[in-house]
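The values are calculated or read from the model by the stated rules, or taken from the named source; none is laboratory data. Please read all numbers here as calculations on a predicted model, not as lab measurements. Here the Cβ positions follow ideal geometry from the backbone for every residue, glycine too, while neighbour counts run over all protein chains shown. Side chains included, ligands, DNA and RNA excluded: accessible areas come from the protein's heavy atoms. Shrake-Rupley method; radii C 1.70, N 1.55, O 1.52, S 1.80 Å.
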Amino acid sequence: MEQYQNLVEVTHEYAGKHIASLLPLDQPSQLYISHAIILLTFGFILIQILSALASGLFKKSKGSVNNTSATTRKQKRQQSQLLICGPTNSGKTALFYHLITKEVRTTVSSIEVNETPKSMDVKIPASALPNGQDSLTKKISVIDIPGHYHFREKLQDGLETAKAILVTVDSKEKTPVLIACNKQDLQFSKKATTVEIELEKEIEELRKVKKAVQVDDINEKVGYLESMKKKFSFSELQVPVKFVEISVKNEDLGEVYKFINGNF
Ligand SMILES: Nc1nc2c(ncn2[C@@H]2O[C@H](COP(=O)(O)OP(=O)(O)O)[C@@H](O)[C@H]2O)c(=O)[nH]1
Ligand SMILES: [Mg+2]
């Protein structure tokens, strides 16, 4: 857990420095700055997810080890909660409301947790189902947690108990992660493959920095990233992480419904 906390803190600091070094740039660079902020915040959240996975939060307790917290987690997991996380302004709350009301709402950006009180009916449209199949209803609860550092504990709890995690950006018993690249209706939106490549580069840079400062001491705990033997790549992860393109505004949410249908 300590390793996890350290990783989160270092990542946060890293993101902060990068953003600070970009700030003196002139106005035309605003687009790049906002992209950098989105990428770095998202990298921060993703590394929280990866380090939570690495520290065994999602591992099923097998046979000999059957401790109470694992049992509690299993009970909580049965609540079938879909966790939506990602950087501020990536459309988490818009997606949250659409899933439960089917309305495209212009959400007012505010930093708060949105959570359905209990299992809700979420209709999976026929268009997201194999040919000829009628729409169906899944009972799930949904939680939308802001990407702000202030909510790290809430996010950590959510990561432990979620049945599935959906990350908006602008896994055997492994929790599948869908990176939903939202706002594809906008002209300069990035393709899912571009977001994946850029994130891989950012995380690889962080891995190199951490590896370079690593102390060769067997008593020293080795973090998840620096323990990796080769270049970071999403496809090499044991956790299935999929990048898809969506638009809440255009109600282009087929990949989200396929994800929900495949996991609940
Ligand atoms: N163009 C466009 N705007 C969107 C889309 N989804 C959300 N938004 C807008 O993006 C802004 C941030 O959305 P919000 O759900 O509050 O983001 P959150 O901070 O991640 O919860 C709001 O103004 C939304 O109306 C989308 O698919 N396309
Ligand atoms: Mg929100």
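Taking K and R as +1 and D and E as -1, what net charge do the other residues with C-beta under 10 Å from the C-beta of residue 94 add up to? Each step should come with its number before you reach the end.
On the way: positive: 92, 105, 183, 249; negative: 103, 144.
Within the 10 Å Cβ shell, the charges total +2.
Here the accessible area is traced with a 1.4 Å probe on the protein chains. For segment 92-150, carbon and sulfur cover 49 percent of it. Kirkwood's formula applied to the C-alpha pairs of segment 106-157 gives a hydrodynamic radius of 13.6 angstrom. Backbone geometry of segment 148-164 corresponds, through the Karplus equation with coefficients 6.51, -1.76 and 1.60 at θ = phi - 60°, to 3J(HN,Hα) couplings of 5, 3, 4, 9, 4, 6, 4, 5, 4, 4, x, 5, 6, 10, 5, 7, 8 Hz, x marking Gly and Pro.
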